[in-house]
Amino acid sequence: MVFFRINGLGYNCGYSKKKCPTNALGCIACIKNRLKEMGFEFNSSIDIFEVDSNEKQLKLEQELIWQKFLDVINIKHIIIMDKISGLTVLNYPVSGVDIDPNLLSGFIQANIAFSESEKVSSKGSTFLFEYQFYEFQYKNFNIILKDGDFIRVCLILDHKPSNKMKNKTFQFLESFEKKYHNDLIEFQFLYSDLD
């Protein structure tokens, strides 16, 4: 049997290379098609590797650990802001980089409002909307934004984010909103009373 690892999950396709109906010419495409038939949805950030030896599996695990390390040292600042008002809910400086979160939040809100306006064409926008993330440059930093139902997660990075970082940001956003759902509703309610 041929065994594959998909974003850390193992998948046994059920065939040996010799008995593969496609003659093992397009294993990755075959796996994606079979997963789609089973109801799985994924985007182009999915990583599929054939694991044909223990050495290769160990190497993949080492690369995964190294990528996590690179992702962590890439983060300079984390801001969680209210999606509607742009007010800072959480400000967490990871490194010594001096960033004014209120100034940055205002900049982000203005740019998002501008880029989402009907008068701006998608070609003229400074945002790259990929996998539901906003990505743009601010000073010497790369910024990624992920919108949830109530909040917007903002990561200020030294370099462009990896797909794994984007996936982890998405997972964090979902769990944060689930855990603090009532608090986020109350925060938006209090802010709406101030208007």
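What the table below lists for this structure:
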quantity: Boolean, Gly39 is modelled with pLDDT under 70, exposed (fewer than 11 other Cβ atoms within 10 Å of the Cβ) and under 27 Å from Met165 (Cβ atoms); calculated: no
quantity: Residues located in segment 146-189, provided they are buried (at least 17 other Cβ atoms within 10 Å of the Cβ) and under 13 Å from His77 (Cβ atoms); calculated: Val153, Cys154, Leu155, Ile156, Leu157
quantity: When residues of segment 148-176 are limited to those that are closer than 30 Å to Trp66 by Cβ and charged (D, E, K, R), the one nearest to the chain's Cα centre (by Cα); calculated: Lys166
quantity: Among the candidates Ile79, Ile31, Ile75, residue that is surrounded by 11 or more Cβ atoms within 10 Å (Cβ to Cβ) and touching a Pro at 6+ places or on another chain (Cβ under 6 Å); calculated: Ile79
quantity: Residues located in segment 48-60, provided they are exposed (fewer than 13 other Cβ atoms within 10 Å of the Cβ) and either modelled with pLDDT of 80 or more or not small (Gly, Ala, Ser) (or both); calculated: Asp52, Asn54, Glu55, Leu58
quantity: Criterion: charged (D, E, K, R), modelled with pLDDT of 80 or more and either within 21 Å of the chain's Cα centre (by Cα) or not in a strand (DSSP E or B) (or both) - qualifying residue of Glu63, Glu118; calculated: Glu63
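The values are calculated or read from the model by the stated rules, or taken from the named source; none is laboratory data. Since the structure is predicted, the reported quantities are computational estimates derived from the model, not experimental observations. No Cβ is skipped: glycine too gets one built from the backbone with ideal geometry, and neighbour counts run over all protein chains shown.
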